[in-house]
Amino acid sequence: MSRLSALLVAYAFPPVGGAGVQRMTKLAKYLPRHGVITRVLTASNPSAPLRDESLLSDIPPEVTVLRAKTFEPGYEMKQAAWSAMAEQKKPTLKQQLVRRATGFAKQLLIPDAQLLWQPGAASVLAQRMVKRADDAVLVSAPPFSQFVSAPLVRLRTGVGLVLDYRDEWSTYRTAYEMGASRFASLVGEQLETVLLRAAHFVTTATEEFRENILSRFSFLDPSRVIAIPNGYDRDDLPKVLPEPESSGKFTITYAGTLFKLTSARGFLQAVKRVHKLEPALAKNLAVRFIGRIVDTELDAFEGTEALGVERVGYVPHDQVLPALAKSHLSLCILDEVPGVERIYPAKIFEQMMLGRATLTLAPDGALAKLVDQHALGPRLLPRDVEGIAEFLIATLRTFAAGEFVTEMDAKGIERYDRYSLAGEFAEVLREAKRAACH
């Protein structure tokens, strides 16, 4: 196995928390075990909503982390802008002004606000290119402004360049609350074309992403566009897995960010319906949402606290799996949004590793196929309020009879082990290096 020096470019990296951090964090952990000398370029002062010090334990001491300053405003200012952009019947004058300023900034900062990190990141990257410090560079997005550095890498002959799509840029431009803008939609396709032409290889988080990108950009060589999924890390499992709580309540837990693509509106309406149809049975239902809920989704929770719905907020990653294990049923959601048929949340892989019963709410598509292929549990449509309510009522009756089975026997999940996936990335980086030398 030949030695290789690789630089991972990732705006969000520990101690930043959240689902988007995991892919590059686990690569930094496991690439050295596949003969890759690994370094990371990230932001020194990221404007991010979550911080999770526990994730730092995944970074081996031999991995050098380089940090460059971003000129973005603090996340508090972004949060204020997000709140102002949320639909309100009678916004105040201040909210109207913030909304206008935010709209202007969204039109100006293309493809996203993290474009303000590029001066600092480009400075570090240019120095490394001059020194020929890396054999290959992997840039992971979102934020997709990181891809703007692609032409800079290509200026140095012999350095392989891989662009990694954790999400789709086209979906980001249209479906993500703070990423969508009219100007971004107009110029995004052209900008994406230019930057993709600079890449030696492209990796995607789903096969559906891969097929879509090949259909949109005919100049791409299919042999150089590789689907490498997200996965699970056995090291994240507690040595002793806690059992579901015996409080008499049937506990359902969702872990992850709730926003437009993962909206729980259909599920919450179903919970209300259960309380209306079977009030005595519904008293045994407890629902927990662990993770950040964006402002535009908060209205869906109005009145649900009285129905046993708890909003826990973000907790460190090392506490999430124990919390899911203590539940009788875990929940995975993808709402009915254009482009969502090519997506699956990264959390589903940890749920399959955990082996607890899982309910998936998703339309037909990548997540549905994954759930069915690996026997991950029942699946319903996310806006099928009646169907979800019927399922909950039947499940509560089964639980009351002492017949509910909390274990899930997932099939064929070895493919998603993070160590093995890092080996696939290592091979792509080596191929990119070879391509750059020819």
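The values are calculated or read from the model by the stated rules, or taken from the named source; none is laboratory data. Quick caveat: nothing in here was measured; it's all calculated off a predicted structure. Please note: Cβ atoms are built from the backbone with ideal geometry, for glycine as well, and neighbour counts cover all protein chains shown.
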> Can you tell me how many residues in segment 225-240 are among the hydrophobic types (A, V, I, L, M, F, W, C) and assigned to a loop (DSSP other than H, G, I, E, B)?
Replying inline: 3
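Rundown of residues vs (1) more than 20 Å from the chain's Cα centre (by Cα); (2) touching a residue at least 40 places away in the same chain (Cβ under 8 Å), yes/no style:
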{"position": "247", "(1), (2)": "yes, no"}
{"position": "253", "(1), (2)": "no, yes"}
{"position": "262", "(1), (2)": "no, yes"}
{"position": "272", "(1), (2)": "yes, no"}
{"position": "327", "(1), (2)": "yes, yes"}
{"position": "335", "(1), (2)": "no, yes"}
{"position": "340", "(1), (2)": "no, yes"}
{"position": "345", "(1), (2)": "no, yes"}
{"position": "359", "(1), (2)": "no, yes"}
> Failed condition for residue 123, given (1) surrounded by 21 or more Cβ atoms within 10 Å (Cβ to Cβ); (2) modelled with pLDDT of 95 or more; (3) of a type in the set (S, T, N, Q), with all others met?
Replying inline: (1)
> Mind checking whether some residue in segment 43-50 is modelled with pLDDT of 95 or more and either assigned to a helix (DSSP H, G or I) or crowded, with 20+ Cβ neighbours inside 10 Å (or both)?
Replying inline: yes
> Does segment 401-438 hold any residues that are assigned to a helix (DSSP H, G or I), farther than 23 Å from residue 39 by Cα and free of Cβ contacts under 8 Å to residues at least 40 places away in the same chain, and which are they?
Replying inline: 414
> Which residues, counting only those in segment 225-262, are more than 29 Å from residue 49 (Cα to Cα), touching a Lys or Arg at 6+ places or on another chain (Cβ under 9 Å) and modelled with pLDDT of 95 or more?
Replying inline: 225, 226
> Of all residues in segment 1-32, which are of a type in the set (Ser, Thr, Tyr), without any contact (Cβ under 8 Å) to a residue 60 or more places away in the chain and in a strand (DSSP E or B)?
Replying inline: none
> residue 322 fails exactly one of the following numbered conditions: (1) assigned by TED's automatic domain parsing to the domain that holds residue 240; (2) modelled with pLDDT under 95; (3) touching a Lys or Arg at 6+ places or on another chain (Cβ under 7 Å). What is the number of that condition?
Replying inline: (3)
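For (1) among the basic types (Lys, Arg); (2) part of a loop (DSSP other than H, G, I, E, B); (3) crowded, with 21+ Cβ neighbours inside 10 Å, each residue gets a yes or a no:
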| residue | (1), (2), (3) |
| --- | --- |
| 247 | no, yes, no |
| 271 | no, no, yes |
| 296 | no, no, no |
| 312 | no, no, no |
| 315 | no, yes, no |
| 318 | no, no, no |
| 322 | no, no, no |
| 327 | no, yes, yes |
| 331 | no, no, yes |
> Can you name every residue in segment 214-240 that is among the aliphatic types (A, V, I, L, M) and touching a helix residue (DSSP H, G or I) at 6+ places or on another chain (Cβ under 8 Å)?
Replying inline: 214, 220, 225, 226, 227, 228, 237
>> Give me the helices (runs of 4 or more DSSP H) completely within segment 138-224, filtered to those with at least 1 residues that are at pLDDT below 90, ordered by residue number.
In response: 169-175, 182-197
> So which of 391, 404, 425 is over 17 Å from residue 262 (Cα atoms) and buried (at least 22 other Cβ atoms within 10 Å of the Cβ)?
Replying inline: 425
